[in-house]
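Here's the structure we're looking at; comments come further down.
Values in this text are rule-based calculations from the coordinates and carry no lab data. Keep in mind that what you see is a predicted model, and the values were worked out from it rather than measured. Cβ sites come from the backbone with ideal geometry, for glycine too, and all protein chains shown count toward neighbours.
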Amino acid sequence: MSTTRFAPSPTGPLHLGHAYAALVARASAAAGRYLLRFEDIDHTRIRPEYYDFARDDLAWLGLGPDRETPPQLERAARHREFLDRLRALGVLYPCYCTRREVAAEIAAMRSAPQGPEGPLYPGTCRGLDAGRQAGLEAEGRQPAWRLDAARAASVVGPLAFHDRRHGRSDVDPGLLGDLVLGRKDIGTSYHLAVVIDDADDGATRVTRGEDLLPATHGHRTLQALLDLPEPDYLHHRLVTDESGRRLAKRDDARAIRHFREEGHTPADVLAMLPGL
Ligand code: GLU
């Protein structure tokens, strides 16, 4: 029996892609537990009304959770605690680069390191000495905290994870480069928070879109570093529009509440989703 979760970010209305993610989580829990958790750490992008809209749409679809767990914003102390643990393990480094500086550095490199989604952070701040760090802080710069993927790999050794659709993958801790685990603005990041929250919620199966499959390499690495239990995974296909483009929050026309307003029934909307 599995405990699964549906983890939407309340930055817009639920659309068909969310309905499919909730359906997969519900179906995959079978007789187990299916949880709802709002991923709202990026408080600059959330809107308060979207929590209740989401709960209401899920209930209307017949996909209301067995239980809702606390939203991520209430878990900041846990996220900080684990970031401190990683720092104590020596697998984090402070990064003072702005996005613009990272982009300029990549543009100036002849062959920037590449990941599945494009160029990776080139490691500018990896190995900064104390004097240089002090200099940057004296300029008033706040650091983000990045995972030193190579160091993490040597601490955890060979790892794998199992996905019910994609099979077994050997973990490459650096697949997405040195992940930001503590953002400058919010102190944590999706990658850190999701791993801790899934463990705290007792999720034994993580179901989510296959766009996040590469991120799971980093997540499995963090579980090993932090001694957290290992869930199994189900990265489901993404719901796309007629032109094959993945749905995004801005596709309001695909919003569940739009279909509701047009008089569709829950069964109509569920029939628009791909098969399980
Ligand atoms: N909050 C993410 C999303 O809305 C889900 C991430 C996850 O399930 O791990 O896409």
| field | Qualifying positions in the stretch 191-205 - assigned to a helix (DSSP H, G or I), of a type in the set (A, V, I, L, M, F, W, C) and within 11 Å of the ligand (Cβ to nearest atom) | value | A193, V194, V195
| task | Return the only residue of R126, R141, R208, R165 being within 16 Å of the ligand (Cβ to nearest atom), in a loop (DSSP other than H, G, I, E, B) and in contact (Cβ under 8 Å) with a residue 24 or more places away in the chain. | result | R165
| Can you spot a residue in the stretch 176-190 that is assigned to a helix (DSSP H, G or I), within 13 Å of the ligand (Cβ to nearest atom) and either touching a residue at least 60 places away in the same chain (Cβ under 8 Å) or in contact with a Pro (Cβ under 7 Å, 6 or more places away or on another chain) (or both)? | yes
| query | Restricting attention to the stretch 253-261, does a residue exist that is touching a residue at least 24 places away in the same chain (Cβ under 8 Å), in contact with a Phe, Trp or Tyr (Cβ under 8 Å, 6 or more places away or on another chain) and either of a type in the set (A, V, I, L, M, F, W, C) or under 17 Å from S28 (Cβ atoms) (or both)? | reply | yes
| message | Testing V155 on (1) assigned to a helix (DSSP H, G or I); (2) within 15 Å of the ligand (Cβ to nearest atom), one condition comes back false. Which one is that? | response | (2)
| query | So which residues in the stretch 1-26 are more than 12 Å from the ligand (Cβ to nearest atom), among the hydrophobic types (A, V, I, L, M, F, W, C) and touching a Ser or Thr at 6+ places or on another chain (Cβ under 9 Å)? | reply | M1
